[in-house]
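Some notes on the structure that comes next.
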Amino acid sequence: MSPKYRSCILFAKLPNADIEPLVVSLSDKIISAHPEDPRSYEVKAELQLSLKEEMKALENYKKAIALGASNFNTWQQTIQIEVKLERYKEAIADGEKAMELYPNQPGLCWFVGNAYLAEKDYQMAVEILERGKKLSSANEELKSYFNAQLGDTYNSLKNHQKSDESYEAALAYDPNNDHVLNNYSYFLSLRKEKLDLAKKMSSKLVAQNPDNATYLDTHAWVLYVRGELEESKHYIEKAVESEDISGTIIEHYGDILFKLGDVDSAVKQWLKAKGMDETSDLIDKKIADRKLYE
C-alpha cells in the first residue's frame, strides 16, 4: 500500500495521539515523492485540518491551488478557512476565482458574501448573497441562512424594506432563529418602527436565551424605546450581571437610568462604559454635559 493511500485511511482514526506521528510522516513522504502533484498538498492539508492546524492547512491548500488543483473541496476549504481566520481580502480574491470555476455552488457565495460583508462592501455582499440565495432555491434551510445575512446587509445599506423582507422570509422558515430575532428587533427599535413586532420578537428571544447578555440588552432597548422604563431596567440589570458585557450594554444602562431620573447613576455608568469598547460617539458629550443625547 502506498503512503498516500495508507495516510488517507489513517485519517479516519484521527485525532489519536498514538498514530499522529505516523500519519504526519506518511503525509511528508507523499509530498517528497510527488512534489508537483497538487493532491499531495491536499492530503497534507486535510490532515492538518483534522488536527485543527488551520493556518498550516491553509498554506498547503493554497500550494495545491497554485499547482492547478481542480478539487472543489480544496477551493471551498481554502475560502472557508480564510473567512474563519478573518483574512477577508484573501477570501474575496480566492472566492472570485472559485466562483468562475464553479458558478453553481451556493456555498462559495456564502463565504464570499460574508467576506464582503465583513469588509463593509455592502453592495457587493448583496450581489453575491442574492446569487447564493437564488442557487439555493431547492434548499429552504440554506436559503433561510442567506435571507438572514441579506437582512443584515440591506440594513447596512439603509434599504429597510428589503432588510425587513429578508428577515421575515428567514423567520418564515425558522421562527426561532436567534440571530434574526435579535437583529431585526434591535434595528426596528433604532428606527422606532413596528415596535409591537420588535417587542414580540425580543420577548421570544430572551425566553429562549434567558442568560445571554446581548439578547437581554436588545430586549431592554426595545422596551426603552417603547417607554416601558421599569421593565427595561429589569432586563438591562440582568444583562449587566453577566460576565460577557460590552460598552454598549453599560452605556444603555446609563441611558435608561437617566430616563428614570437617576442622573448621578447614569453618569457613573457612562464613565464605566467609556473605558470599554463599543460605545456611541456621544459618550463623551453625555458625560461632560450630564445629559442624555440620542
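The values are calculated or read from the model by the stated rules, or taken from the named source; none is laboratory data. In this text, all values refer to a predicted model and were calculated from it rather than measured experimentally. Note: ideal-geometry Cβ built from the backbone for every residue, glycine included; neighbour counts use all protein chains shown.
Tallying residues that are over 14 Å from the mean Cα position of the chain (by Cα) and surrounded by 17 or more Cβ atoms within 10 Å (Cβ to Cβ) within region 88-104 yields 7.
Of the residues making up region 255-294, those that are in contact with a Phe, Trp or Tyr (Cβ under 9 Å, 6 or more places away or on another chain), under 16 Å from Y224 (Cβ atoms) and part of a helix (DSSP H, G or I) are D255, I256, F258, K259, S265, A266, Q269, W270, A273, K286.
Go through region 271-294 and count every residue that is more than 15 Å from A220 (Cβ to Cβ), among the hydrophobic types (A, V, I, L, M, F, W, C) and under 28 Å from the mean Cα position of the chain (by Cα). Total satisfying the criteria: 3.
Among the residues of region 1-49, those identified as under 20 Å from Q77 (Cα atoms), modelled with pLDDT of 85 or more and of a type outside the set (D, E, K, R) are I31, P38, S40, Y41, V43, A45, L47, Q48, L49. How many of the residues in region 72-117 are assigned to a helix (DSSP H, G or I) and farther than 18 Å from M55 by Cα? Number of matching residues: 17.
In region 39-55, of all residues being of a type in the set (D, E, K, R) and not in a helix (DSSP H, G or I), the one that is nearest to I65 (Cα to Cα) corresponds to E53. Here the condition is being in a loop (DSSP other than H, G, I, E, B) and not polar (S, T, N, Q); of K133, K162, K158, it holds for K158 alone. Only one entry in S136, S144, S156, S202 is crowded, with 23+ Cβ neighbours inside 10 Å and modelled with pLDDT of 95 or more, namely S202.
Beta carbons closer than 6 Å, at least 6 apart along the sequence or on distinct chains, pair a first residue in region 133-147 that is farther than 9 Å from P106 by Cβ with a second that is assigned to a helix (DSSP H, G or I) and of a type in the set (A, V, I, L, M, F, W, C) for S144/A170; N147/A169; N147/A170.
Look at region 59-88: where a residue is under 13 Å from A45 (Cβ atoms) and in contact (Cβ under 8 Å) with a residue 12 or more places away in the chain and a partner is among the acidic types (D, E) and loosely packed, with under 15 Cβ neighbours inside 10 Å, sitting 6+ places away or on another chain with Cβ atoms under 8 Å, you get L67/E36. One residue is enough: does region 207-226 have a residue meeting the conditions within 15 Å of H252 (Cα to Cα), surrounded by fewer than 21 Cβ atoms within 10 Å (Cβ to Cβ) and touching a Leu at 6+ places or on another chain (Cβ under 9 Å)? So far as region 207-226 goes, yes, one or more of its residues are within 15 Å of H252 (Cα to Cα), surrounded by fewer than 21 Cβ atoms within 10 Å (Cβ to Cβ) and touching a Leu at 6+ places or on another chain (Cβ under 9 Å). If the condition is being over 14 Å from the mean Cα position of the chain (by Cα) and surrounded by 22 or more Cβ atoms within 10 Å (Cβ to Cβ), then region 107-127 contributes L108, C109, V126. Pairs under 6 Å by beta carbon, first residue more than 21 Å from S70 (Cβ to Cβ) in region 96-122, partner charged (D, E, K, R), six or more apart or different chains? Close Cβ pairs (under 6 Å, with a partner that is charged (D, E, K, R)) do not exist here.
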